[in-house]
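Working notes, beginning with the structure itself.
The values are calculated or read from the model by the stated rules, or taken from the named source; none is laboratory data. Because the structure is predicted, anything quoted here is derived from the model rather than measured. Methodologically, a virtual Cβ is constructed for each residue, glycine included, from the backbone with ideal geometry; neighbour enumeration extends over all protein chains shown. Each accessible area value is taken on the protein alone, full model and side chains, heavy atoms only, with ligands, DNA and RNA left out. Shrake-Rupley method; radii C 1.70, N 1.55, O 1.52, S 1.80 Å.
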Amino acid sequence: MSLVRLIARPMLATIFVVQGANNLRDPEPVLPVATEFAERFGPTLERRIPSMPTDPKTLVRINAGVQLGAGLALATGKFPRLASLALLASLVPTTLAGHPFWEAEDPAERKTQRIQAMKNAGMAGGLLLASVDTEGKPGVSWRARRAARDARRTGKSAKRAAKVRAGKARSDISALSHRVH
């Protein structure tokens with residue numbers, strides 16, 4: 001792992017680990033925002049994912065658990081691409097629910113919420129980059145294309161070798177049949 005990754009991943013993960021732990025331990029401070037979110041998006045969640053809970057406290061704890069677990073995974077370099085995607089997925093509802101600057105009436109509040117939403121958008125950009133970082137190793141799609149190409153080559157080589165062997169066998173049979181007669 002490069003020095004940059006060694007430093008950058010924990011830096012990016014820190015806010016998720018800290019906030020995830022705080023919200024998991026004490027969801028009360030974010031319950032008003034989560035309640036608004038659940039009222040607005042709960043029916044859609046129930047239709048699309050019937051087994052998904054819509055209770056605000058449970059939603060806060062699920063989101064906090066994802067942030068804590070994926071944040072720790074990203075910080076330690078365990079499944080960093082998957083962890084980044086999980087954090088990105090948790091950031092979307094957090095931003096929509098927590099920083100709806102477009103609804104703020106007070107100009108100062110609107111400005112504060114817009115800054116927080118832009119901060120989250122910046123973190124989302126970092127998470128997107130982390131989610132595609134292969135650490136200089138070939139990605140899955142490249143490896144799949146390479147395996148398919150190698151399999152085709154192996155198949156063609158085997159076919160050529162079989163033709164050569166078949167031709168040799170025919171000539172051997174022909175030579176034997178001339179000796180017998």
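Does THR95 fit the bill of being in a loop (DSSP other than H, G, I, E, B) and not basic (Lys, Arg)? Criteria not met by THR95. Note on the stretch 3-36: residues that are without any contact (Cβ under 8 Å) to a residue 12 or more places away in the chain and farther than 23 Å from GLY122 by Cβ amount to 5.
Residue pairs whose Cβ atoms lie under 6 Å apart, separated by 6 or more positions or on different chains, with the first residue in the stretch 37-53 and over 13 Å from LEU96 (Cα atoms) and the second open to solvent by 50 Å² or more (accessible area, probe 1.4 Å) and modelled with pLDDT under 90, are LEU45/MET52. Selection within the stretch 69-95: residues that are open to solvent by 40 Å² or more (accessible area, probe 1.4 Å), in contact with a helix residue (DSSP H, G or I) (Cβ under 7 Å, 6 or more places away or on another chain) and of a type in the set (A, V, I, L, M). The member of this set that is farthest from GLN116 (Cα to Cα) is LEU72.
Could you pull out the residue among ALA70, ALA64, ALA97 that is in contact (Cβ under 8 Å) with a residue 40 or more places away in the chain, over 26 Å from ILE7 (Cβ atoms) and of a type in the set (A, V, I, L, M)?
Every option except ALA97 fails the conditions.
Checking the structure you have, find out if any residue of the stretch 155-169 is assigned to a helix (DSSP H, G or I), modelled with pLDDT of 90 or more and open to solvent by less than 40 Å² (accessible area, probe 1.4 Å).
There is no residue in the stretch 155-169 that is assigned to a helix (DSSP H, G or I), modelled with pLDDT of 90 or more and open to solvent by less than 40 Å² (accessible area, probe 1.4 Å).
Looking only at residues in the stretch 32-52 that are open to solvent by less than 50 Å² (accessible area, probe 1.4 Å) and among the small types (Gly, Ala, Ser), the one that is nearest to ASN63 (Cα to Cα) is ALA34.
Among the residues examined, LEU129 qualifies as open to solvent by 60 Å² or more (accessible area, probe 1.4 Å), at pLDDT 85 or above and more than 25 Å from VAL30 (Cβ to Cβ).
With respect to the stated conditions, PRO107 is open to solvent by 90 Å² or more (accessible area, probe 1.4 Å) and not aromatic (Phe, Trp, Tyr). Applying the condition of being under 24 Å from THR76 (Cβ atoms) and among the polar types (S, T, N, Q) to the stretch 130-154 and asking which residue is nearest to the chain's Cα centre (by Cα) yields SER131.
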